[in-house]
1. Is it the case that some residue within the range 87-95 is modelled with pLDDT under 95, exposed (fewer than 14 other Cβ atoms within 10 Å of the Cβ), closer than 19 Å to residue 27 by Cβ and not small (Gly, Ala, Ser)?
2. Assess whether residue 255 counts as being assigned to a loop (DSSP other than H, G, I, E, B) and surrounded by fewer than 20 Cβ atoms within 10 Å (Cβ to Cβ).
3. What's the total number of residues in the range 206-227 that are touching a residue at least 40 places away in the same chain (Cβ under 8 Å) and in a helix (DSSP H, G or I)?
4. Criterion first (assigned by TED's automatic domain parsing to the domain that holds residue 140 and farther than 30 Å from residue 165 by Cβ) does residue 118 satisfy it?
5. So which residues in the range 172-199 are aliphatic (A, V, I, L, M), part of a helix (DSSP H, G or I) and either closer than 15 Å to residue 271 by Cα or without any contact (Cβ under 8 Å) to a residue 60 or more places away in the chain (or both), if there are any at all?
6. Between a residue in the range 269-289 that is modelled with pLDDT under 95 and any residue that is of a type in the set (Gly, Ala, Ser) and surrounded by fewer than 24 Cβ atoms within 10 Å (Cβ to Cβ), which pairs come within a Cβ distance under 8 Å, given they are 6 or more apart or on different chains?
Amino acid sequence: MKTIVGISNFSFKEHHFNSLSAIEGAFDELKKFRKLFKQASLDFCMGRDIAENKYYGLSLLEQVNNITLGDRGLEGLFRSKLHQIYFRFFNINYTTDELIARASDPISEHSAANFILYVPSIDFYRDASTFKNADGLCAHYEDILGKYPVDSDSYYQRLITHFDKLMYHPNCRDSLDNVEGGFYNYSIAFTECIKALNDLSPTKIATTKERLSNIRAKTNYECTEEGKSSTKFNFTFSHDGRELSLTCQFHMKPSKSNNPGDTSYYQKRIYFGFFPLEDQEWRIAVASIGPHL
């Protein structure tokens, strides 16, 4: 499922300006914010009427007219920058009101996309889904990822591009297809566990016991290691030209299904190891998501 972030004049931290440079600075901030995100199936849409919209009283064009004392040349220069510099960083398929309306629509498993508005500095009184900062968008993206996995390809691409501090084995994607009962019935727990691993990676914690304890504290799921060794836990990872075989016997136990009324304990696993980097640092390497090996 695609997540579309709605951007318009409600996305400015200020809504009334006293100079052209202040207006351009506000657009520059939006451009910088957009560049923070490289996740799959995440798009940013700027209302194509952002300069004309009057939600906060005077439109941007009216403010430009006041600032420039009606200088048509300066107004034309502003319009040119808007289209040639700022619009090119965003999808402009919707008006501001259309973005607000779509962010007010309920989300279902049949939705092709969900909309959310970037509203950093005000209380938005319309019945729309909003966020205030990068952490808010990440939380929304993770919520959608867990609740609406769509299929294994969509889920995996969104997972690895969002939780990008981890390493993933080349066959990790295929492990989703081997989850008994369908991975999509456990995707909320899987997402929560992968987030916990990503939050710790890379780590300078020296002992395995302390690393596992740290991971365990981030979720309500168990995190442990196998009681006995086996070659089935050996996985080869490549990083920066180095190839290592890791023992991925460490695992989390995402034991809940997506059904909140289901109290059963499910034997699901996320297996991982620790890939050594420089300066006594380790990156967490995920070998398999879902099946009990």
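The values are calculated or read from the model by the stated rules, or taken from the named source; none is laboratory data. What you see is a predicted model; the values in this text were computed from it and never measured. Cβ coordinates were reconstructed from backbone atoms using ideal geometry, including for glycine residues, and neighbour counts include every protein chain displayed.
1. yes
2. So residue 255 passes the test.
3. Residues flagged as touching a residue at least 40 places away in the same chain (Cβ under 8 Å) and in a helix (DSSP H, G or I) within the range 206-227 amount to 2.
4. Taking the combined requirement at face value, the residue does not satisfy it.
5. Scanning the range 172-199 gives 176, 189, 194, 196, 197.
6. That search, which allows pairs on different chains as well, returns 280/206.
Conditions (1) aromatic (Phe, Trp, Tyr); (2) in contact with a Gly (Cβ under 8 Å, 6 or more places away or on another chain); (3) closer than 20 Å to residue 14 by Cβ; (4) surrounded by fewer than 18 Cβ atoms within 10 Å (Cβ to Cβ), marked per residue:
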position	(1), (2), (3), (4)
28	no, no, yes, yes
54	no, no, yes, yes
72	no, no, no, yes
82	no, no, yes, no
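Each row is one residue, and each column tells you yes or no for (1) surrounded by 14 or more Cβ atoms within 10 Å (Cβ to Cβ); (2) out of contact with any helix residue (DSSP H, G or I) (no Cβ under 8 Å at 6 or more places or on another chain); (3) of a type in the set (D, E, K, R).
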residue	(1), (2), (3)
203	yes, no, no
206	no, yes, no
209	no, yes, yes
213	no, yes, no
223	yes, no, no
227	no, yes, no
241	no, yes, no
264	no, yes, no
274	yes, no, no
